[in-house]
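See structure below.
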Amino acid sequence: MGVFDRLPPMDHLRSEKMCFVQLIIPAESARVAVTYLGELGLLQFKDSNEDKSPFQRIFVNQVKRCAEMARKLRFFSDQINKAGVRSSVRPALEPDIDLEELEARLGEHEHELLEMNTNSDKLQQTYNELLEFKLVLTKAGGILASSHNHAASAERELDENIYDREVDEGNAYLLEQGVHQGSSGNSGVRFVSGIILKSKALAFERMLFRATRGNMLFNQAPAGEPVTDPISGEEVEKTVFVVFFSGEQAKAKILKICDSFGASCYPVPEEMIKQRQIFNEVSARLSDLEVTLDAGIQHRNKALESVGSQLWRWTIMVKKEKAVYDTLNMLNFDVTKKCLVGEGWCPIFAKSQIKDCLQRATLHSNSQVGIIFHEMDTLESPPTYFRTDKFTNAFQEIVDAYGVARYQEANPAVYSVVTFPFLFAVMFGDWGHGICLLLGALVLILREKKLSSQKLGSFMEMAFGGRYVILLMAIFSIYCGLIYNEFFSVPFHIFGKSAYECREKSCSDAHTAGLLKVRDPYPFGVDPSWRGSRSELPFLNSLKMKMSILMGVAQMNLGIVLSYFDARFHGNALDIRYQFIPQMIFLNSLFGYLALLILIKWCTGSQADLYHVMIYMFLDPAGDLGENQLFWGQKELQILLLLMALVAVPWMLFPKPFILKKLHKERFQGHTYRFLGTSEMDPDSEPDSARARHDDFNFSEVFVHQMIHSIEFVLGAVSNTASYLRLWALSLAHSELSTVFYEKLLLLAWGYDSLIVKSAGLVVFAFATAFILLMMETLSAFLHALRLHWVEFMNKFYHGDGYKFKPFSFALLADDED
């Protein structure tokens, strides 16, 4: 194994080496030091005050101040968005201000804006009331005029005819009395005019009828123009009404009902001259109010523009200050020494940078005492930190979605950069569809600077984040499509002539006449002559199924090999001897042997039935293979491999738990006697917690865990190998679906002479290709490739029970929510 020791280290295979550090910071330089550390973004602080509530911490007042300023900034942002004012992306250059000055300025701006909003709301309410009054004057005046005309005609009719005492004394009589007597006297007809929401008019009329027992006359007319609702601020449709009644009790009831329905009542005089005078006065006041409101809105927008030009800068400043004080609240305050003590994790490579930051903080804060920074020992597991860039970040996120790697555990993302897009392409292989994906990926990559600064939808944001994943998937899809020789399901003679020709020179249909091999095999990929032949489907099924098994066995072996390197890296010889070796033996004794038979059959051109070979390897190991024998000594090799597979199962199951028990007893056999001989030492105060670990060891739990792991591997070796057959199934489904769209949509439409039918067929084919093959099939292949990596590959070596390194960094504040 000395060869592996001489290999150069792989930076991305293991997480960064971390160290646990302690900082002792004088109180006068604490804020500056934490600010500089936030700008560096390479130190994760540990919360030393977990037992305290947020209100019991030292800098709670500063955090409250920052939270209040953040609230004011959110208020400004809401007002700017509501007013539709565009705030400049690049803030205007202004001299730097401190937190106290910013707090005072925000208070002034908020007070000014609230005062302007209050005045604007009052003016707007007055404007709405005058507008409603104007509408009521217009519509109610028309209703009153028509009632006067009706009453006058009724009076003439009474003068000419004999008065009938049995005539119904209803609304006409009341109107007649109202015209004669007007509003003078308590016994005359009166009226109430106002305006109400159109949706409430019917229920309002019904309630008035019931309350007055029918002794009223309700007239209504649409307002004619929408009115702004004072509560919601939206424009609503309203209806003008006039209610005729008699008596003080009826008036009181009607006014109460108007109030309960939210109707606004306005006085309308009966005389037309007075109506015109009031109408002119209301119109003049409305014009003045419009001018005043416009001026107020312009003044308010200018104030919002001045705030908006600095809003982003102020928001970042407040977020930074709040993050600094939140971090300071995680430190312990030593009252006697007047210093703050903090602990945390940092990468080893960042120690020198952190020391430089702390030295600068000491100088800039004019502190006479320097900041102490030193490394400490701890039993805690360090966080996991991988340095990624815009290319590798998406692949790392795919792995982290399954589980964050344990500290210094092998990182599957290194291999997923190649294996993930390749397995996707095996299922998606079509170089026509691959070119479409490539164009989409290139658009996202070439416009990444513009798109990164824009707010995208959820789907576009996901696609933009995985643009380099899509790029590699497209490139591998083109490669696999060239191997399958499929361009939108159509084969092409790209790399030369076909190796086959028709049996007769006159034949041109491969369905009716066989093919003869007349030259060397097609140099790259599937021969295009297989397309349309009788044996096309059996040939492609056999090829893709065997290819899927080979890829599955290779990737599962890679996972087991990575478990060896993990165990070797951590110095765990037990896992190598009693886990890695039996797993390799079991997997390759069965499915590695199957992969070997596939390769031998391809190389020799044998007609042996591999199904028969594998089934009778278990049912009749000593039986005669007959024509299914591929090489000399095959039967003896099969018996040996079967015995090795049977031995590998107890090899995985039994030795490791018993050896762990023996090692544990040997490690702690003299522990109790040492405590008895040393009266000064308390066993509970031992710093290494060895006594606790001795009590925690449980042989039954270890044995059950090993048994579950062994059974899972044995059964998983079968199910995982079968799971890789999805590569064959999805590749076949994609190819056949593409063929159906090409033949049944495009070729069928192209057979007609009509240009409309051809165009319709082309459009339907394009939409089917775009939405089904390029979107749904892409998502399906992506999810299946994801499953193959998470379940079949990563469960061979990957624990994924670590936690991410989350440093205190100002760069991460842009995406944080307050």
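The values are calculated or read from the model by the stated rules, or taken from the named source; none is laboratory data. Bear in mind that the values here come from a model prediction, so they are computed numbers and not experimental data. A quick note on method: Cβ atoms are made from the backbone with ideal geometry, for glycine too, and the neighbour counts reach across all protein chains shown. These area figures cover heavy atoms from the full protein model, side chains too; ligands, DNA and RNA do not enter into them. Shrake-Rupley method; radii C 1.70, N 1.55, O 1.52, S 1.80 Å.
Brief remarks follow.
- Note on the chain: dipole from Cβ charges, positive end direction compared against Ser193, Gly342, Met547; the farthest Cα belongs to Met547.
- With a Cα cut-off of under 28 Å and a minimum spacing of 8 residues unless on different chains, the lysine pairs in the stretch 306-442 number 18.
- Annotation: per residue accessible area for the chain equals 57 Å², rounded to a whole number [probe 1.4 Å, protein chains only].
- Most positive-pole-ward Cα, Ser264, Val243, Met216, against dipole of the stretch 201-284 from beta carbon charges: Met216
- Near Leu446, once Lys and Arg are set to +1 and Asp and Glu to -1 for all other residues with Cβ below 15 Å from its Cβ, the sum equals +4.
- Each eigenvalue of the Cα gyration tensor of the stretch 272-342, multiplied by 5 and square-rooted, gives one semi-axis; in descending order these are 61, 15, 7 Å.
- Rounded to the nearest 20 debye, the dipole magnitude of the stretch 521-630 is 300 debye, with +1 charges on Lys and Arg beta carbons, -1 on Asp and Glu beta carbons, and the Cα centre as origin.
- Between the stretch 372-437 and the stretch 46-77, the Cα center-to-center distance that results, in Å: 35
- Taken over the stretch 222-265, the percentage of Cα pairs per 5 Å bin, counting from 0 up to the bin with the maximum distance, is 5, 19, 21, 22, 14, 10, 7, 1.
- The chain, relative contact order [Cα under 8 Å, separation at least 6], %: 20
- In terms of its Cα atoms, the stretch 537-648 spans 48, 33, 20 Å along the principal axes, sorted from long to short.
- Mean separation of Cα contacts under 8 Å (6+ apart) over length of the stretch 292-416, as relative contact order %: 12
- From largest to smallest, the equivalent ellipsoid semi-axes obtained for the stretch 241-380 from the alpha-carbon gyration tensor read 74, 24, 13 Å.
- Rounded to the nearest 10 degrees, the inclination of helix 413-428 to the longest alpha-carbon principal axis of the chain is 80 degrees.
- Histogram of C-alpha separations across the chain, 10 Å bin width, %: 2, 8, 12, 13, 13, 12, 11, 10, 8, 6, 3, 1, 0, 0
- Value of [θ]222 nm, deg cm²/dmol, for the chain, DSSP H segments ≥ 4, -39500 (n - 2.57) each, nearest 500: -18500 deg cm²/dmol
- The charge dipole of the chain, taken about the Cα centre with unit charges on the Cβ atoms of Lys, Arg (+1) and Asp, Glu (-1), comes to about 2100 debye, rounded to the nearest 20.
- Cα gyration tensor category, rounded, prolate or oblate, for the stretch 351-454 with a/c compared to 1.5: oblate
- Sum of side-chain charges, Ser542 neighbourhood, beta-carbon under 15 Å (Lys, Arg +1; Asp, Glu -1): +1
- Nonpolar atom fraction for the chain, defined as the carbon and sulfur part of the 1.4 Å probe accessible area, stands at 58 percent.
- Contour minus Cα-Cα distance for Ser381 and Glu235 (0.36 nm per residue): 46.4 nm
- Using alpha-carbon coordinates, inclination of helix 393-402 to the longest axis of the chain, degrees: 90
- Between the stretch 279-343 and the stretch 587-640, the Cα center-to-center distance that results, in Å: 77
- Whole-Å semi-axes of the stretch 379-536's equivalent ellipsoid (Cα gyration tensor): 44, 19, 11
- Charge tally in the Cβ shell below 12 Å around Tyr742, where Lys, Arg are +1 and Asp, Glu are -1, Tyr742 excluded: -2
- Only one residue of Leu641, His433, Gln408 has its Cα farthest out toward the positive end of the dipole of the chain, where Lys and Arg carry +1 and Asp and Glu -1 on Cβ, and that residue is Leu641.
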